[in-house]
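A.B. asks: Input: one structure, supplied below.
The values are calculated or read from the model by the stated rules, or taken from the named source; none is laboratory data. All figures in this text were calculated on a predicted structure; none of them were measured in a lab. We place every Cβ from the backbone using ideal geometry, glycine too, and count neighbours over all the protein chains shown.
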């Protein structure tokens, strides 16, 4: 029996093999959305818990990677909704693409503030599209909506951000 | 200014403030935590949320106290 068939049938060893194959990728996807390494670890475990819970719904001929990414996106989105009321901003994920030090600290804080207070469904797609530069069709598949709707949400997120930034005195274009 | 230009401008502004996280890597194996979670909260397929049970109880009570509603319910099924 193939690995995915064994997993769908409830074989724990098959689940462990899939977990070890995909945990890094699932984590990497989640951390792009929530932007906090500790929370991303928790949500990776939560994602695989859901994967295990709903294993019987998985078609062994289907694409496990895409299915896992969809569940991971839902778990991350649930977190964004719950965490929205918290005022603390996520940690800086310093790396090779770290934020521009030339931009004034105050301006950066305003931009972060505006971005992290976007409504979660806009923040989700805006993070993936504008910051992580993921293609619209990949985002659409992960979120479970059409690419057209992703584009629409990005457009709305940009409008909200522009309005917020202009009200904070950050020059963010004409409209 | 069209959508693409709008997006590009905001994208640049965002990238100055928020670093992409595409280089963040998982630094440890999460399998031991996964096993603990499975032991604490078995992911049983048969688990039914409490509100489903509440809905079933309400429906049952309606059928018991108002048996006349059964034909109407069957009609709508």
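A.B. asks: Any residue in the stretch A:24-31 that is facing chain B (nearest Cβ under 8 Å), within 23 Å of residue B:18 (Cβ to Cβ), in contact with a helix residue (DSSP H, G or I) (Cβ under 7 Å, 6 or more places away or on another chain) and at pLDDT 95 or above?
C.D. replies: First pass over the stretch A:24-31, keeping only residues facing chain B (nearest Cβ under 8 Å): A:24, A:27-28, A:31.
Still in the list and also within 23 Å of residue B:18 (Cβ to Cβ): A:24, A:27-28, A:31.
Add one more test, that the residue is in contact with a helix residue (DSSP H, G or I) (Cβ under 7 Å, 6 or more places away or on another chain), and what stays is A:27, A:31.
If we keep only those that are at pLDDT 95 or above too, we end up with A:27, A:31.
Taking every residue of the stretch A:24-31 in turn, at least one turns out to be facing chain B (nearest Cβ under 8 Å), within 23 Å of residue B:18 (Cβ to Cβ), in contact with a helix residue (DSSP H, G or I) (Cβ under 7 Å, 6 or more places away or on another chain) and at pLDDT 95 or above.
A.B. asks: Any residue at all in the stretch A:110-124 that is within 11 Å of chain B (Cβ to nearest Cβ), at negative phi and at pLDDT below 85?
C.D. replies: no
A.B. asks: Return the residues of the stretch A:37-50 that are surrounded by 21 or more Cβ atoms within 10 Å (Cβ to Cβ) and more than 9 Å from chain B (Cβ to nearest Cβ); say none if nothing qualifies.
C.D. replies: Once the filter is applied, which keeps residues that are surrounded by 21 or more Cβ atoms within 10 Å (Cβ to Cβ) and more than 9 Å from chain B (Cβ to nearest Cβ), the stretch A:37-50 yields A:43, A:47.
A.B. asks: Looking only at residues in the stretch A:132-172 that are under 13 Å from residue B:14 (Cα atoms) and free of Cβ contacts under 8 Å to residues at least 12 places away in the same chain, which one is surrounded by the most Cβ atoms within 10 Å (Cβ to Cβ)?
C.D. replies: Ranking the qualifying residues of the stretch A:132-172, first place goes to A:172.
A.B. asks: Still on this structure: I need the helices (runs of 4 or more DSSP H) fully contained in chain B, keeping only those with at least 1 residues that are within 7 Å of chain A (Cβ to nearest Cβ) and modelled with pLDDT of 90 or more. Working first, answer last.
C.D. replies: Working: elements: B:3-17, B:31-40, B:50-65, B:69-76.
By residue number, B:31-40.
A.B. asks: Now for a separate question. Regarding the stretch A:133-146, can at least one residue be identified that is within 22 Å of residue A:109 (Cα to Cα), assigned to a helix (DSSP H, G or I) and modelled with pLDDT under 95? I'd like the intermediate steps shown before the answer.
C.D. replies: Initial filter on the stretch A:133-146 (within 22 Å of residue A:109 (Cα to Cα)): A:133.
Keeping just the survivors that are assigned to a helix (DSSP H, G or I) gives none.
Checking the stretch A:133-146: not a single residue is within 22 Å of residue A:109 (Cα to Cα), assigned to a helix (DSSP H, G or I) and modelled with pLDDT under 95.
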